[in-house]
Amino acid sequence: MASTTVRVGLVGTGNAAKSRAEALLHEQRADLVAIAGHKLEATAIFAENYQTEAVESWQELVSREDVDLVIISTVNRDHSAIAKAALSHGKHVVVEYPLALEVASAAELIALAKTQNKLLHVEHIEMLGGLHQAIKQNLAKLGEIFYVRYSTINPQNPAPRKWTYNHSLFGFPLMGALSRLHRLTDLFGEVFTVNCHQRYWEREPDYYQTCFCITQLCFTSGLLAQIVYGKGETLWQPERKFEIHGENGGLIFDGDTGFFIQGGETTPIEVGTRRGLFAKDTSIVLDHIFNGTPLYVTPEESLYTLKVAEAAKNAAESGLTIFVKNI
């Protein structure tokens with residue numbers, strides 16, 4: 001950057017966009033120039049809180065000459081289209097996961113960013129959080145790891161009629177909630193095969209009231225992992241649990257509580273906070289733009305996880321075991 005300040009355009013007015021706006025408000029190296037949302041009236045109220053301008057559309061925002069960086073914090077379906085337009089206009093891009101809901105589109109965006117010589121960063125704040133860091137710090141104690149179970153179940157009754165419960169806006173469950181898979185690919189490497197079963201409960205074509213998805217991954221190392229993801233009305237007990245079983249011991253994380261179990265002894269593990277992760281991600285991005293310091297995740301790594309998610313989608317639709325190397 002020739003300047004000491006990066007001029008930012010933000011797309012979205014939801015929770016992630018709010019966290020981004022808060023982070024930018026406290027960053028001397030960034031200036032939030034404009035925000036584009038779904039409805040101009042609501043966007044104007046949102047923008048006023050951050051002393052910035054509301055614009056009518058993301059198309060207008062990405063074409064502005066006074067924007068250097070576009071941050072995409074809106075519905076999953078639109079990520080790829082906005083990122084493509086922003087990169088084509090010569091902007092750096094930060095996008096909340098997933099980069100796209102199709103592997104081919106995500107691969108095209110990565111190629112476009114390289115052609116344009118612009119930053120393309122896919123946010124994966126789960127890697128910066130206390131749980132992921134605690135797992136990494138204690139993983140070596142387990143010896144050879146043979147089984148992992150990761151479950152996030154969120155009962156909601158009534159289920160909200162919002163984009164996270166919409167087929168086209170959110171996408172296939174493990175694409176929309178890509179972090180569930182990305183934790184595992186970051187920790188354990190390449191996936192060999194995928195099985196998946198998923199079900200929706202719905203009263204209308206576009207929106208569903210409940211989603212339940214269970215996926216089994218076999219890694220090239222021989223590790224077997226199960227991911228359970230569910231949300232909505234037909235679920236009764238919340239759960240956020242991560243279990244890792246190795247030949248020398250086990251790591252059990254239940255909510256924000258962690259334990260290392262070995263030889264009948266249970267040792268508590270401190271799990272850091274989940275607060276402030278969008279601010280941390282934003283700071284890392286600005287460090288990279290101004291100083292060239294490495295990012296904590298590459299778009300290619302996110303793309304690989306998207307390929308695993310696509311394999312899960314194909315497995316759910318076909319009832320077959322999918323070999324990831326063929327995707």
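Percent relative contact order of the range 6-123, based on C-alpha pairs within less than 8 angstrom and at least six residues apart? That works out to 23 percent.
When both the range 111-142 and the range 235-260 are represented by their alpha-carbon centers, they are found 21 Å apart.
For the range 254-263, putting each phi into the Karplus relation 6.51 cos²θ - 1.76 cosθ + 1.60 with θ = phi - 60° gives couplings of 10, x, 9, 10, x, 9, 10, 10, 7, x Hz, in residue order, rounded to whole numbers and with x for Gly and Pro.
Go through 61-69, 148-156 and give me the packing order, highest mean Cβ count within 10 Å leading.
Values: 61-69: 18.9, 148-156: 17.1.
Top to bottom by mean Cβ count within 10 Å: 61-69, 148-156.
Where both residues lie in the chain, what percent of DSSP beta bridges are antiparallel, nearest 5? Antiparallel bridges make up about 60 percent of those DSSP assigns within the chain.
Roughly how big is the range 23-171's charge dipole about its Cα centre, with Cβ charges of +1 (Lys, Arg) and -1 (Asp, Glu), in debye to the nearest 20?
Values: 13 positive and 17 negative charges, 131 e Å.
Magnitude of the dipole: close to 640 debye.
Work out the P(r) tail for the chain: percent of alpha carbon pairs separated by more than 25 Å, whole number. Walk me through the intermediate numbers first.
Details: 28634 of 53301 pairs.
For the chain, the share of Cα pairs beyond 25 Å comes to 54 percent.
For the pair Y147 and N117, the difference between a 0.36 nm per residue extended length and the Cα-Cα distance amounts to 6.7 nm. Extending 7 Å from the Cα toward the beta-carbon at both R275 and D206 defines two label points whose distance is 3.8 nm. Pop the C-beta distance of E65 and E102 into the FRET formula with R0 = 35 Å and round what comes out to the nearest 0.05. That pair, E65 with E102, gives E of 0.70.
Placing pseudo-labels 7 Å out from each Cα toward the beta carbon at T293 and N15 gives an inter-label distance of 2.8 nm. Positive-end ranking of V271, V11, F323 along the dipole of the chain, with charges on Cβ about the Cα centre, is headed by F323. Pairwise Cα separations in the range 74-114 fall into 5 Å bins from 0 onward with the following percentages, short to long: 5, 27, 40, 23, 5.
Roughly how many debye, to the nearest 20, is the charge dipole of the chain about its Cα centre, given +1 on each Lys and Arg Cβ, -1 on each Asp and Glu Cβ, and no other charges?
Dipole of the chain, to the nearest 20 debye: 300 debye.
Normalised by residue number, the volume inside the convex hull of the Cα atoms of the range 6-123 is 84 Å³ per residue. Take the Cβ-Cβ distance between E317 and Q216 as r, set R0 to 25 Å, and report the resulting FRET efficiency rounded to the nearest 0.05. Given R0 = 25 Å and the Cβ-Cβ separation, E is 0.95.
Since every read-out is calculated from the coordinates, none of them should be taken as a lab result. Being a predicted model, the structure only gives us computed values, none of them experimental. Heads up, the Cβs are rebuilt from the backbone with ideal geometry, glycines too, and the neighbour counts pull from every protein chain shown.
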